[in-house]
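Visitor: Shown below is the structure under consideration.
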Amino acid sequence: MKKSGPRTLIIGYGNPLRSDDGFGWHASRLLAQALAGQGIGVITCHQLTPELAEALSHCRRAVFIDAAAEGKPGEIHRRAVRVQAPTSAFTHSCTPSRLLASAKQLFGHCPQAVVITVSAQSFAFGESLSPMVSAALPDAVKQVCKWLGRAGVKDASHQGGAEHGDLNTKGLSSAP
């Protein structure tokens, strides 16, 4: 079966109504703008679900973007994602490594992948990022572009200037 879909897939996830937990949404929105027209797929979602395994099986590289509860607020972390077999067929805790395993097992291929996280300061109710996490947003976007070998893309990492925390996430949806 011929694979179709973007060569690279970016998945930003989290809850945009819980302050810094919306980091993945904000980053994926900026990356969709910065990488528009380059054949890179961007998906923005509340949580990772098993249905993402098929899309992952069609790409060569994947980037997962999320907020982390551990670490100093605003710290950016990047790590390779290793395939980890699911412990059960049905789970409420889908992880990047389990998604890769599902893609491999069900569709015969999984991409090279990294996860980019930013240590959160607040998971309180609210649509704005905390100042420390907002300040880290442009650097996180640059790290993704660098990993993708797209250092020369138009720079959307500075759009909105200091107002990253005020990005409106209403109406955001998955982009093919």
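Visitor: Can you tell me which residues in region 7-28 are farther than 18 Å from Val115 by Cβ and either touching a residue at least 60 places away in the same chain (Cβ under 8 Å) or not in a loop (DSSP other than H, G, I, E, B) (or both)? Show your work before the answer.
Guide: The first filter runs over region 7-28 and keeps only residues farther than 18 Å from Val115 by Cβ, leaving 7, 16-19.
Of everything in region 7-28, those that are farther than 18 Å from Val115 by Cβ and either touching a residue at least 60 places away in the same chain (Cβ under 8 Å) or not in a loop (DSSP other than H, G, I, E, B) (or both) turn out to be Pro16, Leu17, Arg18, Ser19.
Visitor: Additional query: Would you be able to tell me the number of residues in region 1-51 that are of a type in the set (A, V, I, L, M, F, W, C), touching a Phe, Trp or Tyr at 6+ places or on another chain (Cβ under 9 Å) and farther than 24 Å from Ser134 by Cβ?
Guide: Applying the first criterion (of a type in the set (A, V, I, L, M, F, W, C)) to region 1-51 yields 1, 9-11, 17, 23, 25, 27, 30-32, 34-36, 40, 42-43, 45, 48.
Checking which are touching a Phe, Trp or Tyr at 6+ places or on another chain (Cβ under 9 Å) leaves us with 1, 10-11, 17, 25, 43, 45, 48.
Subsequent filtering for residues that are farther than 24 Å from Ser134 by Cβ retains 1.
The total comes to 1.
Visitor: Right, next: Does Arg79 qualify as being out of contact with any His (no Cβ under 8 Å at 6 or more places or on another chain), buried (at least 18 other Cβ atoms within 10 Å of the Cβ) and of a type in the set (D, E, K, R)? Don't jump to the end; show me each part of the working.
Guide: On the way: out of contact with any His (no Cβ under 8 Å at 6 or more places or on another chain): yes; buried (at least 18 other Cβ atoms within 10 Å of the Cβ): no; of a type in the set (D, E, K, R): yes.
Answer is no for this residue.
Visitor: I'm checking my understanding of the structure. Among residues of region 32-78 that are of a type in the set (S, T, N, Q) and modelled with pLDDT of 95 or more, which one is farthest from Leu99 (Cα to Cα)?
Guide: If we filter region 32-78 for residues that are of a type in the set (S, T, N, Q), which is where we start, we get 33, 38, 44, 47, 49, 57.
Next, from what is left, pick out any that are modelled with pLDDT of 95 or more: 44, 47, 49, 57.
On the way: Thr44: 16, Gln47: 12, Thr49: 8, Ser57: 10 Å.
The selected residue is Thr44.
Visitor: Going by the conditions given, is Ala175 of a type outside the set (Lys, Arg), in contact with a strand residue (DSSP E or B) (Cβ under 6 Å, 6 or more places away or on another chain), modelled with pLDDT under 95 and within 21 Å of Gly5 (Cβ to Cβ)?
Guide: yes
Visitor: Would you confirm whether any residue within region 107-123 is out of contact with any Phe, Trp or Tyr (no Cβ under 6 Å at 6 or more places or on another chain), part of a helix (DSSP H, G or I) and surrounded by 15 or more Cβ atoms within 10 Å (Cβ to Cβ)?
Guide: Taking every residue of region 107-123 in turn, at least one turns out to be out of contact with any Phe, Trp or Tyr (no Cβ under 6 Å at 6 or more places or on another chain), part of a helix (DSSP H, G or I) and surrounded by 15 or more Cβ atoms within 10 Å (Cβ to Cβ).
Visitor: Just to verify a result, which residue in region 10-62, among those that are out of contact with any strand residue (DSSP E or B) (no Cβ under 7 Å at 6 or more places or on another chain) and of a type in the set (Ser, Thr, Tyr), is surrounded by the fewest Cβ atoms within 10 Å (Cβ to Cβ)?
Guide: Thr49
The values are calculated or read from the model by the stated rules, or taken from the named source; none is laboratory data. The structure presented is a predicted model; accordingly, all values stated were derived computationally and were not measured. Cβ coordinates were reconstructed from backbone atoms using ideal geometry, including for glycine residues, and neighbour counts include every protein chain displayed.
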